[in-house]
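A.B. asks: Just passing along the structure, written as structure tokens.
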Amino acid sequence: MSGERWHKVVDNAAAITEDMPVSVEVGEVPIGVFRIGGELHAIEDVCPHAFARLSEGYVEGEEVECPLHAALFHVPTGECRRGPADRGIETYEVKVEDGSVYVLV
Ligand code: FES
């Protein structure tokens with residue numbers, strides 16, 4: 001996609017822990033930043049089923065369960081692994097520079 005660029009979203013990458021993803025906005029885009037197995041991952045932070053923040057869901061291994069109706073998503077790929085959602089979610093590239101987190105949007 002054209003027009004993508006890196007956006008700084010979190011000042012302190014270490015503040016994002018396995019059980020505490022963060023929700024950020026880049027322009028109008030809500031993004032959840034998760035730490036899974038030590039690696040950071042960024043995904044669309046709105047469940048495609050209705051409206052719930054996946055960053056407020058339950059993380060288990062590499063998956064996050066929607067807090068509203070329990071749809072299940074694979075965080076590294078955005079794949080939907082259980083309904084009621086009927087599609088996956090966007091993923092975004094993440095990098096850490098000088099301790100800060102950037103996402104490519
Ligand atoms: S809003 Fe996520 S499963 Fe319904």
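The values are calculated or read from the model by the stated rules, or taken from the named source; none is laboratory data. Note that the coordinates shown come from a computational prediction; the quantities given were computed from them, not determined experimentally. All Cβ positions, glycine included, derive from the backbone under ideal geometry; neighbour counts span all protein chains shown. Side chains are part of the model used for accessible areas, which takes the heavy atoms of the whole protein and leaves out ligands, DNA and RNA. Shrake-Rupley method; radii C 1.70, N 1.55, O 1.52, S 1.80 Å.
A.B. asks: Placing unit charges on C-beta atoms (Lys and Arg positive, Asp and Glu negative, everything else neutral), compute the dipole magnitude of the stretch 6-104 about its Cα centre in debye, rounded to 20.
C.D. replies: It comes to approximately 140 debye.
A.B. asks: Right, something else. Would you kindly calculate the mean projected area, averaged across all directions, of the convex hull enclosing the Cα atoms of the stretch 1-55, in square nanometres?
C.D. replies: Average of the hull's projected areas for the stretch 1-55 equals 4.6 nm².
A.B. asks: Also, I was wondering about something else. Could you list the chymotrypsin sites (Phe, Trp or Tyr not before Pro) in the stretch 1-71 that lie in coil according to DSSP, counting only those with at most 11 other Cβ atoms within 10 Å of their Cβ?
C.D. replies: Those satisfying the criteria are PHE51.
A.B. asks: Probe of 1.4 angstrom, ligands and nucleic acids ignored: what's the accessible area per residue over the chain, in square angstrom?
C.D. replies: 55
A.B. asks: Expressed as a whole percentage, what fraction of the accessible surface of the stretch 6-104 belongs to carbon and sulfur atoms when a 1.4 Å probe is rolled over the protein heavy atoms?
C.D. replies: Answer for the stretch 6-104 is 46 percent, counting heavy atoms of protein chains only.
A.B. asks: Also: Percent relative contact order of the stretch 6-104, based on C-alpha pairs within less than 8 angstrom and at least six residues apart?
C.D. replies: Contact order relative to length: 28 percent.
A.B. asks: If eta is 0.692 mPa s and T is 37 °C, what Stokes-Einstein diffusion coefficient results for the chain, Kirkwood Rh from Cα pairs, in µm²/s?
C.D. replies: Roughly 242 µm²/s, to the nearest whole number.
A.B. asks: Another one. Per-residue HN-Hα couplings for the stretch 7-13, Karplus 6.51 cos²θ - 1.76 cosθ + 1.60 at θ = phi - 60°, whole Hz, x for Gly and Pro?
C.D. replies: 10, 6, 10, 9, 6, 10, 4
A.B. asks: Here is a follow-up. Cα gyration tensor of the stretch 30-74, axes a ≥ b ≥ c as square roots of the eigenvalues: rounded (a/c below 1.5), prolate (a/b > b/c) or oblate?
C.D. replies: Taking the square roots of the gyration eigenvalues as a ≥ b ≥ c, the stretch 30-74 is oblate.
A.B. asks: Separate question: Which residue, ALA13, ALA50, ALA71, has the most motion in a Gaussian network model of the chain that connects Cα atoms within less than 10 Å?
C.D. replies: For the chain, modelled as a Gaussian network with Cα springs under 10 Å, the answer is ALA50.
A.B. asks: Continuing with this model, one more query. Could you tell me which residue out of CYS80, HIS41, ILE16 lies farthest along the dipole of the stretch 1-100 toward its positive end? Charges go on the beta carbon: Lys and Arg +1, Asp and Glu -1, centred on the Cα centre.
C.D. replies: The Cα lying farthest towards the positive end belongs to CYS80.
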